[in-house]
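Presented below is the structure to which this report refers.
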Amino acid sequence: MEGGSPPPDLESVGSRRSSLPLSGRTRKRKEFLQRFVDSEFLTANLEDWFASLSLTEKSTRRKRVFDEPFELVELQKFDYALEGISFQQLMRMPSPLYPSSSDSVEATAFLAVEDFLHASAKGLWEAFWSQNEPMPFSAASLYNENSKFYQAEKAIAKGKLGGLCATALMMNNPRHPHGKWDHILEVALLRPGLSSYPVDSDRELPPLILGESLFFALRVLIARSLSRLSFPQGSNCVYVLLLDSQYGGVVKVEGDMNRMEFDINDIYGSASDWIKNHAQVSVSSVDRIWNKLGNANWGDIGALQVLFATFQAIVQFAGTPKLSIEDLAADHSIRLRARRMERQLDMDDSQPNGDGLFRLQNRAVSPEIVEVQDDSIRVEVEESLKLEVGSVLWLEESNWQKGYQINAILNDGDLLYYDASPVDDPGKSFFLYVGSPPSQLEPAWVNMNLWYQVQRQTKVLSSMRQKGVSSKYLSALVSSGRIIHPGQCQRPSSGGNCNHPWCGTPILVTSPVGETVADMISSGRFGVDEAIRCCHDCLSAISAAASVGIRHGDIRPENVIFVNTGVRQPYFVLIGWGHAVLEERDRPAMNLHFSSTYALQEGKLCSASDAESLVYLLYFSSGGTSPNLDSVEGALEWRENAWSRRQIQQKLGDVSTVLKAFADYVDSLCGTPYPIDYEIWLRRLKRSMHVEDHGKEIDPSVHDGRTDRQTFTADLKSPGRGKLRP
């Protein structure tokens, strides 16, 4: 087998398998790899296959021979995740690059490709995996004559420029300075002339380029099948980047190498048979990456799909990142809100779209009815699914269907949701959340929030159900599934969606329904009794979720409802669980007024974070002064001043003594690992719920031999208090 075990510095990325003697099958694969050296022979064996694919494309009127490796929605979410990440390519790409370009131009191009791969991997590694640990990858160029990898600068200095044929991003390995094929994350081919095949062109990439891409992908896959490395996310997928001095694309090759024959007497026939019968090949569109100055347009679709391929390649070797794409994409709404406040758009009372921004409706020249494949389906060209009071929506879940009629259209401050009743039982009411149709790609910040409101919240509520969490103060999952659109669904049997713009739209149905605290405050119906009951009921919900390691992370007046219809005793329910924290890598929502101090500073929740957010909700709901906050720094400063001056405690003391005591207790735990004693506070709040003396309620527990004030004094001395505050 090639080389030895990976050095210690790589064991965090790929762990060793136990050493095994070379079997006959392994020797056969190794010999096969050693003799599999000519891409032109492979391309020649694939000529008939390429021709048949082209004929199939024409006969079926498909737009592309190969499927795209990435969905546009995936790239869109990835784009928002990269919004705060800096990539810096220092070596500019020469423009233009032709097959007849001078050696100096070609040399600069190879240097630029290496620098581009390095900048891409470094930016992704520091953003998703670790800013403190050095990146365990590097870029090198392949010299054709000996199949060894060299830094392009060193190869050029040794006169090897003419033999450089590819560039690879690979794992660092001091024992093998010239690289190993099983250590390759992805391969980049610098091939002039890609600009002749842009996304808006009907021309497909020529077989010569595609055949060469498949050749390099197959070499990497065979080498991995011989490797001692363990790949956390599997090793059956390889990305090949096709680049010239302006444009680029991605070829993805995926397949099980155990299904390949490895016939030593027919090397290229075996390889081509595996590609035809067992490989899944997808090819992206060719889009612009570099501008005329040689700088990469990191935010454009061309660079974005290359970056996404690099991200997926790193995941194969390094495993699941510490921060997910959803984690980083969630910060977009915070930046958007800050930008809106900078431009004072939040002060616009009209808010025509519910998010404070005016949006253009992207219509055709005429809003006429357009025809799709099935003549029985006619869909109005519009950008989003419009629902009105009285509309009936049909939900498909597993093998059954259920209809819901819209009773009212509601707003949580950012997005719409609905009060709906089952068609077969109109006496019941549920909250109905409708996600973003897969075909609707703009406005993207709304799509991201909808994803949290529907798909993520469905996951959280399902997790609660599976873990046996039951409380009347928590949202309950009633059903979830996909919308059933008008006409016959043309969804392929293999999965995915048909061409109907509503196909695949996710729906979530929850119970119970009620009026939000935000609406109660605006109408002046949130008094002393409501404040104490709200604290008790929300704390009970927080306690129930915390018992299985779930924290809400987005407590605010719009996410607490008051249920008073069809019940003997009204109560509050904590809703809006889309931003809940299920595991360490999850990140809560960021709200300058209601997020906890720890959440604003660290982007995480401590054990008291939800309780701290509940205190802010009670403070502002009870008439506390609402500051004008426009930055995280300003929000942290306000919290420090408000707590240190006991402004929050004093305001809640005007409402209830027990609320003031609870605020003191939460203040003592802010930013510490100490858990909240839910039981004692639920008992005290329950005793106070039916006692009203205009803010002078007395907790009976103060007469039990040790007063609450003594308890709070002890709590305030607990270590760590205030460490995370500026």
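The values are calculated or read from the model by the stated rules, or taken from the named source; none is laboratory data. Please read all numbers here as calculations on a predicted model, not as lab measurements. Glycine also receives a Cβ, built like all others from the backbone with ideal geometry; neighbour counts cover every protein chain displayed. Calculation scope for accessible area: heavy atoms of the full protein, side chains included, ligands and nucleic acids excluded. Shrake-Rupley method; radii C 1.70, N 1.55, O 1.52, S 1.80 Å.
Observations on the structure shown:
- Sites Asn258 and Ser282 - FRET efficiency at Förster radius 35 Å, r taken between beta-carbons, to 0.05: 0.95
- Rounded if a/c under 1.5, otherwise prolate or oblate - the stretch 124-212, Cα gyration tensor axes: oblate
- Electrostatic tally near Leu393: other residues with Cβ closer than 12 Å to its Cβ, Lys and Arg +1, Asp and Glu -1, net +1.
- Annotation for Leu72 and Glu640: the two label points, set 7 Å from Cα along the Cα-Cβ direction, are 4.7 nm apart.
- With viscosity 1.306 mPa s and temperature 10 °C, the Kirkwood radius over alpha carbon pairs of the stretch 171-244 converts through Stokes-Einstein to a diffusion coefficient of 113 µm²/s.
- Residue among Ile550, Ala518, Ser688 farthest towards the positive dipole end of the stretch 515-690, charges placed on Cβ: Ser688
- Cβ-defined net charge surrounding Pro426, 15 Å radius [Lys, Arg +1; Asp, Glu -1]: -1
- Members of Lys160/Lys292; Lys472/Lys686; Lys30/Lys148; Lys322/Lys604; Lys77/Lys459; Lys30/Lys180 lying beyond 20 Å, as alpha-carbon distances in this model show: Lys160/Lys292
- Charged-residue dipole, Cβ positions (Lys, Arg, Asp, Glu), the stretch 515-690 about Cα centre, Debye nearest 20: 560
- Using the Cβ-Cβ distance between Arg339 and Glu153 with R0 set to 60 Å, the FRET efficiency from 1/(1 + (r/R0)^6) comes to roughly 0.90.
- Cα shape, the stretch 472-598, gyration tensor, a/c 1.5 rule: prolate
- Extended-chain gain in nm, criterion 0.36 nm per residue less alpha-carbon gap, Trp49 and Arg525: 164.1 nm
- Spin-label pair Gln233/Glu133, simplified geometry with 7 Å Cα→Cβ offset, distance in nm: 1.5
- Heavy-atom accessible area, probed at 1.4 angstrom with all protein chains present, ranks Glu584, Glu204 as Glu584, Glu204, highest first.
- Here's how it looks for Ser479: its modeled amide H is under 5 Å from those of Val509, which are all 5 or more places away or on a different chain.
- For Gly403, the residues whose amide H sits under 5 Å from its own are Leu395, Val423, Asp424, ignoring neighbours fewer than 5 places away on the same chain, with H placed 1.01 Å from N.
- Net charge of neighbours whose Cβ lies under 10 Å from the Cβ of Met257, counting Lys and Arg as +1 and Asp and Glu as -1: +2
- A Förster radius of 51 Å combined with the Cβ-Cβ distance from Val37 to Gln488 puts the calculated FRET efficiency at roughly 0.45.
- Dipole of the stretch 515-690, positive end: most advanced residue of Tyr674, Asn628, Pro570 [Cβ charges, Cα centre]: Pro570
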